Amino acid sequence: MASAVRRLYENRRVLRIMVQRDLSVRYAKSFLGYLWTIIDPLAMSMIYFVVFVLIFQRAGHGYSPYFLFLLTGMLPWQWFNGSVTAGAKALQSEAKLVRSTRLPRELWVVRVIVAKGIEFLLSLPILVAATIIYLIVGQNDPTVLPHVNWQLVFIPLGMALQAVLLVGLGLLLAPIQVLVNDTQQVLRIVLRVMFYATPIIYLVNKAPGVLEKILWFNPMTGILEFYRAGFFDSEIRWGPVIVSVVVTAIVFVLGRLVFQRLEPAVLKEI
Amino acid sequence: MAKPVISAEGLGIEFYRSRRRKLSLREMIFQRRTTHPRDTFWALRDVSFEVAKGEAVGLVGANGGGKSTLLKMIAGVLIPDEGSVKVRQGVAPLIELTGGFLGDLSARDNIYLTAGLHGLTKEQVDERFDDIVEFAGQQVKDGLDMPFRHFSSGMQVRLGFSVVTTLDEPIILVDEVLAVGDMAFKAKCYARMEGLLSEGRTLFLVSHSAGDLKRFCDRGLYLRQGQLVDDGPVEEVLKHYSDDNS
């Protein structure tokens, strides 16, 4: 474990080059490159806002203002979704490079998570903008006034936890994707289920009884607690956070084991 | 005597004979196993040898003999199933030369990226940039800011060769790349390879050209169906190989 981290650290320059390569391919082309990063979560938040607030009139299932609540869930979800999809392809899509360079293979996974993480950071300005708008609007309409508080400091913690989770999932999925044909199709369905199993459009404690406890085992539930606490008048629920830390640790260890185990087979197949 | 820079011990790697070894989920669920034949073969087995610093070794043998597989294991891009190979110095692999290049970026950016992936810092690339471009030839020089995918395949390989051979790594692995490029470029490649050898670098060359092997190598390894059958002066090993095939 320590040696793996050290090897990654030794290759941090290569990691930086690869991340820059990813981002330059995405952003160097056009200004629209950046817009795509924010259009997706904005559009999704908009859709759910229209459906739940204007049509179903169920804004009470999230914190107020509901749009901000959606956004604080949607942005980390986008990082999760993008990283799992691209992380699973990390080895396959760079087959030529994997075959021709002698870098620690974990690097290909980590690089995807980092690149998507930077995109996530770049999407945060819309969260700041939305918060400021609601703070201004809230002066006249106290029902939509966000409660920005000191718990914002938990955001980096949420990011760190999410990064570990994503690296673990990437290490788990990348070799499987190379060896099993239908991985992408299965993954697409699983991710759709995961979207609704993550408290993005609702609050986890609005789920009845045992279902709430089941949702705790989705590590993203605890991670979203960290992201959201600083924006709304609420305390962090530590139950899901603790479960999330445990599940994340398990996923990470499992990912490392599977990756090591399958690495020789993957190299033959790729 | 100094420690050998490469030592292989009982090296073996096993492949599936069927091209479709990929698992399908349907089979895993419904049959609890895959229906593809579990037929395997050893691409290499019981291969042991040592290479000292500065040696130039040529790999000889028919197609499917395991030459490229051996080279890949030395390069660290395949992991042996049996035995081990220890490589004590850095390796510059001339395998899949254009692997690191991205079609959408310019040749200029690609040079920095690929050299960076192989461990050069930006400053080091700055220093060598003119050399790299010069070596790759005038066409490449004229198209430096063109997207890489607009290059002809010959130009792509030339640039790849140029980048990888400017690396400082003391061990150089060459897999059949000398066969590419036009005559003028080939002559340049030969000159560069000889230059690298005279600097005391260790060379591993896979080639079907007896001329190339004799020209660069002093030692030959003969692989036949995954077995190391001969190890000695390159002339003798080549003779052994041609006797086998006559």
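The values are calculated or read from the model by the stated rules, or taken from the named source; none is laboratory data. Since this is a predicted model, take the numbers as computed values, not measurements. Glycine gets a Cβ as well: all are built from the backbone with ideal geometry, and neighbour counts include every protein chain shown.
Just a few scattered comments:
- Within segment A:63-90, being touching a Gly at 6+ places or on another chain (Cβ under 8 Å) and either without any contact (Cβ under 8 Å) to a residue 40 or more places away in the chain or part of a helix (DSSP H, G or I) (or both) holds for A:Phe69, A:Leu70, A:Pro76, A:Trp79, A:Ser83, A:Val84, A:Gly87, A:Ala88.
- Tally, over segment B:172-225, of residues that are free of Cβ contacts under 8 Å to residues at least 60 places away in the same chain and β-branched (Val, Ile, Thr): 1
- Qualifying residue in segment A:213-223 (condition: within 14 Å of chain B (Cβ to nearest Cβ), within 17 Å of the chain's Cα centre (by Cα) and part of a helix (DSSP H, G or I)): no
- Segment A:142-185: number of residues that are over 19 Å from A:Thr85 (Cα atoms), part of a helix (DSSP H, G or I) and either touching a helix residue (DSSP H, G or I) at 6+ places or on another chain (Cβ under 7 Å) or not hydrophobic (A, V, I, L, M, F, W, C) (or both): 9
Yes/no matrix, rows are residues, columns are (1) among the β-branched types (Val, Ile, Thr); (2) at negative phi; (3) modelled with pLDDT under 90:
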{"residue": "B:Lys53", "(1), (2), (3)": "no, yes, no"}
{"residue": "B:Gly61", "(1), (2), (3)": "no, no, yes"}
{"residue": "B:Ile74", "(1), (2), (3)": "yes, yes, no"}
{"residue": "B:Glu127", "(1), (2), (3)": "no, yes, no"}
{"residue": "B:Val140", "(1), (2), (3)": "yes, yes, yes"}
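- Residue satisfying all of: in segment B:52-75; out of contact with any helix residue (DSSP H, G or I) (no Cβ under 6 Å at 6 or more places or on another chain) and either of a type in the set (Ser, Thr, Tyr) or within 30 Å of B:Phe151 (Cβ to Cβ) (or both); farthest from the other protein chains (Cβ to nearest Cβ) among these: B:Asn63
- Candidate set: segment A:1-22, residues that are touching a residue at least 40 places away in the same chain (Cβ under 8 Å) and of a type in the set (A, V, I, L, M); chosen: the one farthest from B:Thr121 (Cα to Cα): A:Met1
- You will find that of A:Leu70, A:Leu75, A:Leu23, the residue that is over 25 Å from A:Thr183 (Cβ atoms), within 14 Å of chain B (Cβ to nearest Cβ) and within 19 Å of the chain's Cα centre (by Cα) is A:Leu23 and no other.
- B:Ser246 being exposed (fewer than 14 other Cβ atoms within 10 Å of the Cβ) and more than 20 Å from the chain's Cα centre (by Cα): yes
- Scope segment B:76-96; condition of a type in the set (A, V, I, L, M, F, W, C), at the interface with chain A (Cβ under 8 Å from one of its Cβ atoms) and either more than 18 Å from B:Gly116 (Cβ to Cβ) or in a loop (DSSP other than H, G, I, E, B) (or both); matching residues: B:Val77, B:Leu78, B:Ile79, B:Ile95
- Of all the listed residues (B:Gly137, B:Gly119, B:Gly160), the sole one being touching a helix residue (DSSP H, G or I) at 6+ places or on another chain (Cβ under 7 Å) and either within 24 Å of B:Ser198 (Cα to Cα) or within 12 Å of chain A (Cβ to nearest Cβ) (or both) is B:Gly137.
- Test: residue in segment B:203-210 that is at pLDDT below 90, assigned to a helix (DSSP H, G or I) and out of contact with any His (no Cβ under 8 Å at 6 or more places or on another chain): yes
- Filter result (free of Cβ contacts under 8 Å to residues at least 24 places away in the same chain and either surrounded by fewer than 16 Cβ atoms within 10 Å (Cβ to Cβ) or in a loop (DSSP other than H, G, I, E, B) (or both)) within segment A:236-248: A:Trp238, A:Ile242, A:Val246
- Residue identified as within 14 Å of chain B (Cβ to nearest Cβ) and among the hydroxyl-bearing types (Ser, Thr, Tyr) among A:Thr143, A:Thr131, A:Thr101: A:Thr101
- Take the conditions (1) out of contact with any Leu (no Cβ under 7 Å at 6 or more places or on another chain); (2) away from every other protein chain (no Cβ under 14 Å); A:Ala174 misses just one of them, which is (1).
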